[in-house]
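Colleague: Take a look at the following structure, please.
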Amino acid sequence: MTELVQNLIDGLGRGSIYALLALGVAVVFGVMHLLNFAHGELITVSGYAAYAAFSNGWSWYLVAPLIVVVSVVTNLVIERVAFSRVRGSSDFTQLLTSFGIHFLVAAIFLMYIGARVQTFAEPGWIADTYSIGPIRVEVFDTVVIIVTFVTLLLTAAVLQRTMFGLSIRAAAADFDAARLMGVNSDRVIRGAFALSGALAGIAGIFWLMRAGHTSPTSGINPMLNGVLAALIGGLGSLKGAVIGGLALGLAEVMLRTWLPGTAAALTQGVVFSLIALLFIFRPGGLVNVAHAERV
């Protein structure tokens, strides 16, 4: 029982990061019907900004907000430079654009900075633990879970109780009708990308803290996990994105513990197999939505 509770806490900590990434993917998908495979590049760019800041003597207390700011600005630049030019194009064209951004960002860092992994110091408390009876809980997992919970509450409040949130929900339900009712499409799309970037930035803080390094390809894993979590939960549902992220994190931790011996190294393969089965029997994900574009 103790081991099960321990694994649940570890899985929730990992899944919380995935949930934040999936939320960022879901917000943009809801407004533009775009599955953004360039989402992980926000963490790549933020990682290099963090490395530059650490090289100039900054501490994590200053680097953490910098990561969020860089992520938001990067996402707004990507929207302005790339996605605004293909707005109104087919879903396939927008999808190819997101792939193009993904490879372009990696290529820029590879050519002008190099393939060498850039390392930086992790926070001193990241490996600290505390006891709850017989259970040892990592401070890192606790912080991740609390910050994610607060972020989810704030995101829900913004979407439900502000004019900006109302505009996003209206655009997600029916973009053309929302424009006819006076919703500024440019403002809504930029706002969605800004919110998506902020969520990716918060997730990026913890991702980079745990990793302790960045490289031109460091955005691939967070992108894959964020997109998978959004798909598992059901594209077009913020609730589904959260559920999908938590489910993915819990599955990884549980399988790594339960699989015997060397089979534990096959955790990712087993997870992908389970996801494939989910898509066969529930192609819409865990949470059903009336329309794919609804957020």
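The values are calculated or read from the model by the stated rules, or taken from the named source; none is laboratory data. Since this is a predicted model, take the numbers as computed values, not measurements. Cβ placement follows ideal geometry from the backbone for every residue including glycine, while neighbour counts extend to all protein chains displayed. Quick note on the areas: whole protein, heavy atoms, side chains included, nothing else; ligands and nucleic acids left out. Shrake-Rupley method; radii C 1.70, N 1.55, O 1.52, S 1.80 Å.
Colleague: Enter the accessible area per residue of the chain (Å², integer; probe 1.4 Å; all protein chains in place). Can you show the working numbers first?
Modeller: Values: 13970 Å² over 295 residues.
I get 47 Å² per residue for this part.
Colleague: Once both labels are modelled 7 Å past Cα along the beta-carbon direction, what's the SER273-PHE149 spacing in nm?
Modeller: For the pair SER273/PHE149, the computed spacing is 3.5 nm.
Colleague: Could you work out the local net charge near GLN6, counting Lys and Arg as +1, Asp and Glu as -1, over the other residues with Cβ closer than 15 Å to its Cβ?
Modeller: Values: positive: ARG14, ARG136, ARG256; negative: GLU3, ASP10, GLU138, ASP141, GLU252.
Result for the local shell: -2.
Colleague: If the chain between ARG80 and PHE281 were fully stretched, how many nm would it gain, using 0.36 nm times the residue separation less the Cα-Cα distance? Don't skip to the end; give the middle numbers.
Modeller: Values: separation 201, 0.36 × 201 = 72.36 nm, distance 3.83 nm.
Separation in residues times 0.36 nm, less the Cα-Cα distance, equals 68.5 nm.
Colleague: To continue, here is another question. Would you mind calculating the gained length between ASP91 and THR129 on full extension (0.36 nm times residue separation, minus the Cα-Cα distance), in nm to one decimal?
Modeller: Numbers: separation 38, 0.36 × 38 = 13.68 nm, distance 4.62 nm.
The span from ASP91 to THR129 would gain 9.1 nm if fully extended.
Colleague: For region 207-263, rounded, prolate or oblate, judged on the Cα gyration tensor with a ≥ b ≥ c (square roots of eigenvalues), a/c < 1.5 rounded, else prolate if a/b > b/c? Could the numbers behind the result be given before it?
Modeller: Numbers: a/c = 2.30, a/b = 1.07, b/c = 2.15.
Oblate.
Colleague: Report the Rg/Rh value for the chain, based on alpha-carbon coordinates and the Kirkwood definition of Rh.
Modeller: Numbers: Rg = 19.1 Å, Rh = 19.7 Å.
Ratio of gyration radius to Kirkwood radius for the chain: 0.97.
Colleague: Compute the projected area of the convex hull of the Cα atoms of region 10-104, averaged over all viewing directions, and report it in nm² to one decimal place.
Modeller: Details: hull surface 28.7 nm².
Projected area, direction-averaged: 7.2 nm².
Colleague: If you don't mind, there's one more thing I want to ask. Under the classification rounded if a/c is under 1.5, otherwise prolate if a/b is larger than b/c and oblate if not, where does region 57-204 fall, given a ≥ b ≥ c as square roots of the Cα gyration tensor eigenvalues? Spell out each step's value before the answer.
Modeller: Values: a/c = 2.68, a/b = 1.38, b/c = 1.95.
In terms of gyration-tensor shape, oblate.
Colleague: When the accessible area of the chain is split by element with a 1.4 Å probe, what percent falls to carbon and sulfur? Let's see the in-between values first.
Modeller: Numbers: 9440 of 13970 Å².
The nonpolar share, carbon plus sulfur, comes to 68 percent.
Colleague: Per 0.36 nm of contour for each residue apart, how much would the distance between ALA115 and THR142 grow if the chain were fully extended, relative to their Cα-Cα spacing?
Modeller: Working: separation 27, 0.36 × 27 = 9.72 nm, distance 3.34 nm.
Here the segment from ALA115 to THR142 would lengthen by 6.4 nm.
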